[in-house]
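What follows draws every value from the coordinates through simple rules; no lab data is involved. Since this is a predicted model, take the numbers as computed values, not measurements. Here the Cβ is made from the backbone with ideal geometry for all residues, glycine too, and neighbour counts use every protein chain on show.
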Amino acid sequence: MSEARDTVLGTIRRSLGVTGREAPRRDAVEGRIAAARPGVIPARGQLPEPARVALFCEKAEASAATVARVASAAEVPGEVARFLRDNNLPATLRRGADPDLAAMPWGGTTIDVTAGPSDGSDINGLSRAFAAVAESGTLALVSGQDNPTSLNFLPDNHIVVVAARDVAGDYEAVLGRVRDRYGKGTMPRTLNFVTGPSRSADIEQTLILGAHGPRRLHIVVVDD
Amino acid sequence: MTIHPTSPQFKDNAHRALEDRDLQKALGHVRQAFIAKRAAAAEALPEFEALRDSARDIKQHTLENLDLYIEAWEDKVTAAGGHVHYARDAAEAREAVLDICRRVGARTVTKGKSMISEEIGLNQAIEAAGLVPVETDLGEYIVQLRGEVPSHIIAPAVHLTRDQVEADFRRHHTHLDASRDISSHYSLQAEARGILRERFLAADVGVTGANFLVAETGTSVIVTNEGNGDLTQLLPRVHVVLASIEKLVPTLEDVGQLLRVLARSATGQEMSVYTTLSTGPKRPDDPDGPDEYHVVLIDNGRSSMLGTSFEEMLRCIRCGACMNHCPVYHSVGGHAYGWIYPGPMGAVLTPALIGVETAGHLPNASTFCGRCESVCPVRIPLPKLMRHWREREFERHLQPAAVRGGLGVWGWFASRPKLYRLATGLAMRALSIAGGNRGRFASLPLAKGWTDYRDMPAPQGATFQSQWKNRRAQPKRAA
């Protein structure tokens, strides 16, 4: 290994007065990583499902997202069409290969839906969230063919579909599901936690939406 | 190649800052915006204080086992297809980034906001190598146009007014219509968005910092509101993460704890808009993301802070709450501190990184009001650590002779209580009489540093010690 690596680790050990071979320290570190215990979990998100989803919607709106609830996946295209129309946006949509999104009845709308990652020219992007967090109105999206990460950031308007049953109370519950999906200690390339549309207050602490990412974030919660 | 510190000229810097009208107008936004927002966010979460304890304990535990967590993290980064580069100092860190850029034939390098990048002077090195560094955080972009460094660790351009930003944009964006209206915050942001969007799409290498490195998974975490950090790491072929060694945390759950105090302490948000966990390069079937993922793990003086009283400073998660609440920062802004890190955290960290002989003024630029410690999400005892630097400064004879002499005289009296009481009692009576009807002094011998700027009130009544003694002697009243 590199000389720099040896020096850095060596200086850390000298400063701490350790060798790195102490069994109790190694056991403590391995045990802590293996256990991955949650710490203090706010009571706020620990609610039964109807109240949990309601809290998610309230918190997402507080972060300047808009939220619509629909009764089934079949109603999603209609809601997306309404959102585009009401905001005077073109009837185009870019989505990934997500089978749930692909199976929705887009033919009943006039929206021109294309599939694949964004090259930066798309006005509207559509994703399905891996999960959501009621505590702070946060979406969790994972990278991959189904929902390319570029759709989360390049289009001006980001529409995200999330199933009510995927709304968790806290981040830790979502991290647990990520572990179940990808295996302990393994992660997708990108896990995005998204709370509201892009913003900056860098000029005179005046908050303006749409800094580099989407100017609008519209969340469609599917209750089915 | 790192910026030349002007910390030794702190007093001159502060004088200039106090007379700078634009700066004073801009600093009003710090005083108004940050404090109320943090207070409201803390108030709205009953578990906030318990989360601060949890955050402190996580960071402290990790520091005490840092060697082992780094090894565990490195194994995971490598297993995910990433590369770890160790850098002992700023020069090695710059070289590691430039090596990567040269190997892939990079021309432009986009950058997410990173204080460690400022610390190692990366932009200057990239330019010197003939490449173009592009800061993409709005505040960092503005500061880069002006050839400045950030004046705040989370709000780099907080020292500027809207009018100044408009003037900078007009000076630099000369390809745009000179008659365009960019007088509003919105239009300025929209102009920067348009210009930087092209840069994002054209970049060869993207450099971000890291708020956390996760040992459990080999993940780096960045937190932004703009989304610039994400476009920086998503679009180019190569993603380079710059991180100092104290960014390690054990698990994803530990990140959850720290996130809950980070945004609340920084901007008063419950969560920043984008919290992004990145692990390795894109996977074989990923349609987007970088082909290469590198982490440059930087020491640059931190490993020597472990095991000393300054170890606690390494818990810092760079939220900026200490400077947002600091009356000295409110008065003089960040540039007066003369290097990279301003405010109370800078007053403790800067002497550790560039030497107390260069940065000795900074731990003295404090009113010791204690607000910084009271809002620190990881409970760093900042005033105590500033006092430690003052003691070291004294031990190493770095202060002017008059200060050392004065402290010596005071110390001689203070260690002789009876004499001390007699002397202070006499001095008080003399000053009280000399103060006369006015009750204050416009000038005093040996106290010019005070009376040049405000009157010195004449003491009244008894000394603190005698008042204390009298009160202790009185029977306690029932509550």
(request) Identify the residues of the range B:288-312 with backbone N under 18 Å of a label point that sits 7 angstrom from the Cα of residue B:124 along the Cα-to-Cβ direction, or state none. (result) B:300-301
(request) Grab the beta carbon distance between residue A:85 and residue B:172, set R0 = 45 Å, and tell me the FRET efficiency rounded to 0.05. (result) 0.70
(message) Quick check: pseudo-label points 7 Å beyond the Cα along Cα→Cβ at residue B:50 and residue A:110, how many nm apart are they?
(response) 5.5
(message) At 0.36 nm per residue, and after removing the present C-alpha to C-alpha distance, how many nm does the segment from residue A:34 to residue A:156 gain when stretched out fully?
(response) 39.8 nm
(request) Could I have the simple spin-label model distance between residue B:78 and residue B:464, label points 7 Å from Cα toward Cβ, reported in nm to one decimal? (result) 5.7
(message) Run the simple label-point estimate for residue B:447 and residue B:421 please: 7 Å along Cα→C-beta, distance reported in nm.
(response) 2.4
(message) Please give the charge dipole size of chain A, origin at the Cα centre, charges +1 on K and R Cβ atoms and -1 on D and E Cβ atoms. Round to the nearest 20 debye.
(response) 820
(request) Restrict the search to the range B:395-479; then list the chymotrypsin sites (Phe, Trp or Tyr not before Pro) that DSSP places in a loop and that have at most 16 other Cβ atoms within 10 Å of their Cβ. (result) B:453
(message) What does the C-alpha gyration tensor say about the overall shape of the range A:47-222? Classify as rounded when a/c is under 1.5, otherwise prolate if a/b is larger than b/c, or oblate.
(response) rounded
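Can you pull out the trypsin sites (Lys or Arg not before Pro) in the range B:433-479 that DSSP calls coil and that have at most 13 other Cβ atoms within 10 Å?
Numbers: sites: B:438, B:440, B:448, B:454, B:469, B:471, B:472, B:476, B:477; in loops: B:454, B:476, B:477.
Hits after loop and neighbour filter: B:454, B:476, B:477.
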(message) So if I take the centroid of the Cα atoms in the range A:148-223 and the same for the range B:18-76, what is the distance between those two points in Å?
(response) 22
(request) Collect residues whose amide H, placed 1.01 Å from N in the peptide plane, falls under 5 Å from the amide H of residue A:161; neighbours closer than 5 in sequence don't count. (result) A:127, A:128, A:129, A:220
(message) Given the DSSP H assignment, sum -39500 (n - 2.57) over each helix run of at least 4 residues in the protein assembly as shown and divide by its residue total; what's the result at 222 nm in deg cm²/dmol, nearest 500?
(response) -13500 deg cm²/dmol
(request) Rounded to the nearest 0.05, what FRET efficiency do residue B:163 and residue B:36 give with R0 = 25 Å and r taken as the Cβ-Cβ distance? Could you check? (result) 0.50
(message) Please report the antiparallel percentage of DSSP beta bridges with both residues in the range A:47-222, rounded to the nearest 5.
(response) 25
(request) Work out, step by step, the length gained on full extension between residue B:291 and residue B:364: first 0.36 nm times the residue separation, then minus their alpha carbon distance; give nm to one decimal. (result) 21.5 nm
(message) Can you tell me, using C-alpha contacts under 8 Å and at least 6 residues apart, the relative contact order of chain B as a whole percent?
(response) 20
(request) Return the whole-Å distance between the Cα centroid of the range A:1-79 and the Cα centroid of the range A:104-141. (result) 24
(message) My understanding is that a pair violates if its Cα-Cα distance is over 31 Å; which of B:59/B:113; B:37/B:59; B:37/B:448 do that in this structure?
(response) B:37/B:448
(message) Would the range B:408-479 count as rounded, prolate or oblate if I go by the C-alpha gyration tensor, calling it rounded below 1.5 in a/c and otherwise prolate when a/b exceeds b/c, oblate otherwise?
(response) oblate
(message) On a full-extension model of 0.36 nm per residue, what is the gain between residue B:3 and residue B:413, subtracting their alpha-carbon distance, rounded to one decimal in nm?
(response) 143.3 nm
(request) Assuming R0 = 35 Å, can you tell me the calculated FRET efficiency for the pair residue A:206 and residue A:54, based on Cβ-Cβ distance, to the nearest 0.05? (result) 0.65
